[in-house]
Structure formats: structure tokens, C-alpha cells
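Written below as C-alpha cells is the structure these notes are about.
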């Protein structure tokens with residue numbers, strides 16, 4: 001294995017040679033035997049936490065207006081009722097049938113998905129569970145998505161002035177009650193970038209482990225460039241806590257999440273929710289061939305070819321996504337129950353529940369965890 005200069009304990013990604021992954025080196029505590037864990041809820045009603053994601057509204061509801069001077073992640077991002085989202089479907093090259101399937105699954109589960117704003121009208125009522133991915137510099141696109149979506153998603157702009165202008169344009173048009181998510185890559189300065197996004201007015205920040213933000217891979221963690229997702233979420237959570245901003249934003253991570261166990265560990269490192277869109281693409285047939293940009297996906301996933309698109313039936317694909325999400329949620333609940341948690345949201349950012357095996361002092365310091373036996 002090549003030396004990356006931060007120890008020798010990483011494992012390689014199954015889909016990308018040389019990718020660094022720490023999930024297998026992070027061991028959750030186990031203070032309870034396997035047993036009754038179905039009582040674990042999300043969000044927490046047993047433990048008071050600074051940031052819940054559900055304000056008691058149904059997915060996509062915009063019936064409540066909030067005072068922007070008192071905005072919190074709970075009040076401004078009501079659509080998420082569980083810690084799993086389908087944000088990996090906000091790509092233009094994805095089959096429209098799968099955009100509809102992801103929106104249907106999100107609505108059934110009480111969460112959200114990402115959909116290109118140009119395709120929102122194809123979703124009908126299901127679009128109320130979708131975040132419309134838009135370019136704020138195209139006013140027509142923003143206007144078309146105002147009444148049919150759960151909120152908006154934009155790509156991070158490293159120019160702070162430009163980012164603030166984009167966020168302000170959306171807020172002025174859509175209103176403060178329409179949530180906005182900013183997607184940013186797991187860059188080296190990801191913590192500063194996330195802080196910038198929150199101060200600019202973002203209600204949610206999604207950290208994307210794919211350096212080029214194209215989401216064409218499914219499991220790779222930092223395989224192109226940037227930081228491993230485990231490191232990125234730990235750094236962002238710590239930075240926002242220190243700046244007193246953590247309760248004002250929903251933190252979502254995407255990329256390199258292989259299972260419900262990984263998702264639970266991501267929550268313990270500081271995430272509010274995990275994007276399972278990349279894995280959901282596998283659930284509907286993706287073989288990780290890496291040819292998403294060709295537009296000729298044999299499984300009808302990354303294509304708009306009419307003949308190939310028919311290979312994905314919206315209702316059948318939605319059933320597969322729902323089954324995946326429920327299976328992952330059950331895994332998360334069991335792991336958190338055995339670690340001593342009473343709720344998923346209640347263990348968010350509680351790194352004391354994790355121990356490191358085989359990591360260097362530098363890696364443990366960055367991740368904010370202690371070694372096993374301590």
C-alpha cells in the first residue's frame with residue numbers, strides 16, 4: 001500500500017484504487033446486548049439536542065412560516081424525518097424515471113431527494129419531496145421551482161461575495177421558509193467553506209466526497225481529490241460547534257457510505273443525515289461501470305434514451321429505494337442502541353461512543369476520537 005503520510009491504517013475503496021477510508025478503523029461502543037432497539041427514534045424525543053430535523057410537518061409541507069431572526073435547522077428544514085436522504089439523484093444525466101422514483105421514495109419515507117430544477121415539473125405532486133437543483137443566475141429556473149419543491153440546492157461558490165449574492169437572490173424570491181442546501185466538495189478547507197455557506201444563509205450543507213461533484217461513482221471516498229468523508233464531517237462539525245453555528249444548519253454527508261453501520265458512525269462524527277442516493281443507484285441496477293457520461297447506460301440509470309429509460313419503472317425503483325432506506329435505518333438503530341444511545345439524533349456528534357483501532361495519533365486527533373482501551 002502506498003504511504004499517504006498520515007499513518008498506514010486506511011483501507012482501499014472497492015471502487016477506486018488508493019482511496020482512504022476510515023470507517024473500519026472506527027469501532028462503536030457496545031454497552032447493551034442485541035435486543036429491543038425498535039424504540040430508537042429520529043429525531044430524539046428522549047434527549048434534548050440543539051438541532052432536530054423534523055418540525056412535525058409532512059415531507060414537502062410549506063404551511064408554516066418562521067421568523068428568520070430565530071431560524072434553526074429544525075424550523076427551516078422540516079422535510080427530513082429520518083437521517084437518510086436521496087441527494088445523489090440531482091444529476092442531469094440520471095433517467096427521469098429515477099428522479100420520479102427517488103421523489104416517490106422520499107415522500108413515503110419522510111425525507112428529501114435532489115432533482116434538477118429543469119425536471120421538477122415531470123414529478124407532479126412527488127416533487128414536493130424534492131430539492132430543486134438550480135442555478136441562481138437563471139431567474140426563470142428559480143421561478144419555475146417555487147411552488148413545486150421542498151426547497152432548493154445550489155453548488156458552493158468559493159467566492160464569498162458571489163455565494164452571498166446567490167443565496168440572497170433565492171431567499172428574496174422564495175422566502176426564508178423555503179430551505180436552501182449548499183453542496184460543497186470535501187476540499188482541504190472544507191470547514192471554512194461550510195462556515196462560509198452557513199453565514200451566507202444556507203439551511204443545510206451537504207459535503208460531497210466526490211471532488212468533481214458529478215456523483216458518477218457510488219462508494220469511493222475521496223477517490224479523485226480532497227478529504228476522506230470521515231475527516232471532512234469531523235472537521236466541519238467541530239468548526240461549526242466552535243463558531244456557535246452548529247444548531248443553525250443541517251449537515252449532510254455524501255460519498256463513501258457503504259452501510260447502515262457507516263451511516264451511524266457518520267452521525268456520531270457529527271452528521272445530521274447521510275445521502276444514500278449513490279447506493280440507491282446500485283439498488284436499482286448500477287454496476288459501477290464508470291460510463292455515466294456516455295448517456296448509454298445499459299441499466300437505464302444514467303440515460304435519457306427513450307428505449308433504455310424504459311428499463312427503470314418508477315414504482316418498482318421506488319420500492320427498492322424504500323427497502324434500502326428501511327434496512328439501513330434498522331442497522332443504524334441497532335448499532336446506536338448497542339452503543340448506549342436512546343435516539344439517533346441524540347448521539348449526533350458524540351465521538352466518545354467511537355474508538356480508533358490502528359490509527360495514528362494525528363488521525364485520531366483530526367477525527368476527535370480516542371484509541372481502543374481508553
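The values are calculated or read from the model by the stated rules, or taken from the named source; none is laboratory data. Note that the coordinates shown come from a computational prediction; the quantities given were computed from them, not determined experimentally. Don't worry about glycine lacking a Cβ; one is built from the backbone with ideal geometry, like all the others, and counts go over all protein chains shown.
Figures for the structure shown
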| read-out | value |
| --- | --- |
| Residue within segment 316-327 that is surrounded by 21 or more Cβ atoms within 10 Å (Cβ to Cβ), in contact with a strand residue (DSSP E or B) (Cβ under 8 Å, 6 or more places away or on another chain) and in contact (Cβ under 8 Å) with a residue 40 or more places away in the chain present | yes |
| Count of residues meeting criterion [over 17 Å from residue 235 (Cβ atoms) and either in contact with a helix residue (DSSP H, G or I) (Cβ under 9 Å, 6 or more places away or on another chain) or assigned to a helix (DSSP H, G or I) (or both)] in segment 346-360 | 6 |
| Failed criterion for residue 311 (all others in (1) part of a helix (DSSP H, G or I); (2) at pLDDT below 95; (3) under 19 Å from residue 283 (Cβ atoms) hold) | (1) |
| Every residue from segment 292-304 that is in a loop (DSSP other than H, G, I, E, B) and either surrounded by 14 or more Cβ atoms within 10 Å (Cβ to Cβ) or in contact with a helix residue (DSSP H, G or I) (Cβ under 8 Å, 6 or more places away or on another chain) (or both) | 296, 297, 298, 299, 300, 301, 302, 303, 304 |
| Candidate set: segment 255-277, residues that are under 10 Å from the mean Cα position of the chain (by Cα) and over 19 Å from residue 237 (Cα atoms); chosen: the one surrounded by the most Cβ atoms within 10 Å (Cβ to Cβ) | 276 |
| Hey, residue 108 over 21 Å from residue 208 (Cβ atoms), modelled with pLDDT of 90 or more and surrounded by fewer than 23 Cβ atoms within 10 Å (Cβ to Cβ) or not | yes |
| Meets criteria (in contact (Cβ under 8 Å) with a residue 60 or more places away in the chain and not in a loop (DSSP other than H, G, I, E, B)) for residue 282 | yes |
| Residue in segment 184-191 that is closer than 26 Å to residue 246 by Cβ, part of a helix (DSSP H, G or I) and either touching a residue at least 12 places away in the same chain (Cβ under 8 Å) or more than 20 Å from the chain's Cα centre (by Cα) (or both) present | yes |
